[in-house]
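Written below as structure tokens is the structure these notes are about.
The values are calculated or read from the model by the stated rules, or taken from the named source; none is laboratory data. As the structure is a computational prediction, the values presented were derived from the model and not from experiment. In this analysis, Cβ positions are derived from the backbone assuming ideal geometry, glycine residues included, and neighbour counts consider all displayed protein chains.
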Amino acid sequence: MTKQQLIERMATDADISKEQAKVALNSFMNAVQDSLKADERLSLVGFGTFSRGFRKQRIGLNPKTKEPLTIPAKYVARFKPSKKLEDTLN
């Protein structure tokens, strides 16, 4: 599903205009980004939890030359689905 398809689905389900759905979706995405940037967890009961993780610097291999290279440390976004979401999928 693309972002545009999600906006259309939200507009239909909530009986609002596509523009209002777009604003709501963008607001949600900004809230997730802001909370992760501030190292806060964002929990949506029945859906899952967004959190920020840290990946240490490590040594990898260049796939072309097979020579070792250093992969720098960085922060990554993590998502842990709730039990309800996992049960829905299985």
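How about the range 7-64: which strands (runs of 3 or more DSSP E) wholly inside it have at least 2 residues that are touching a strand residue (DSSP E or B) at 6+ places or on another chain (Cβ under 8 Å) and either of a type in the set (D, E, K, R) or within 20 Å of SER82 (Cβ to Cβ) (or both)? Even if it seems obvious, please write down each step before you answer.
Working: elements: 42-44, 48-55, 58-61.
Once the strands (runs of 3 or more DSSP E) in the range 7-64 are filtered for at least 2 residues that are touching a strand residue (DSSP E or B) at 6+ places or on another chain (Cβ under 8 Å) and either of a type in the set (D, E, K, R) or within 20 Å of SER82 (Cβ to Cβ) (or both), what remains is 42-44, 48-55.
Tally up the residues in the range 55-67 that are hydrophobic (A, V, I, L, M, F, W, C) and either surrounded by 10 or more Cβ atoms within 10 Å (Cβ to Cβ) or touching an Asp or Glu at 6+ places or on another chain (Cβ under 7 Å) (or both), please.
Just the residues of the range 55-67 that are hydrophobic (A, V, I, L, M, F, W, C), to begin with: 59, 61.
Remaining after also requiring either surrounded by 10 or more Cβ atoms within 10 Å (Cβ to Cβ) or touching an Asp or Glu at 6+ places or on another chain (Cβ under 7 Å) (or both): 61.
The qualifying residues number 1.
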Subject >> Only one of LEU85, LEU89 that is surrounded by 12 or more Cβ atoms within 10 Å (Cβ to Cβ) and under 24 Å from LEU6 (Cα atoms) >> reply: LEU85
Subject >> Index of the failed condition, THR70 passing every other in (1) surrounded by 10 or more Cβ atoms within 10 Å (Cβ to Cβ); (2) not in a loop (DSSP other than H, G, I, E, B) >> reply: (1)
Subject >> Options LEU36, LEU6, LEU44; residue that is out of contact with any Asp or Glu (no Cβ under 7 Å at 6 or more places or on another chain) and in contact (Cβ under 8 Å) with a residue 40 or more places away in the chain >> reply: LEU36
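Quick grid of which residues meet (1) at pLDDT below 95; (2) within 17 Å of PHE28 (Cα to Cα); (3) among the hydrophobic types (A, V, I, L, M, F, W, C); (4) touching a Phe, Trp or Tyr at 6+ places or on another chain (Cβ under 7 Å):
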position: GLY48; (1), (2), (3), (4): no, yes, no, yes
position: ARG52; (1), (2), (3), (4): no, yes, no, yes
position: ILE59; (1), (2), (3), (4): no, no, yes, no
position: LYS66; (1), (2), (3), (4): yes, no, no, no
position: PRO72; (1), (2), (3), (4): no, no, no, no
position: THR88; (1), (2), (3), (4): yes, no, no, no
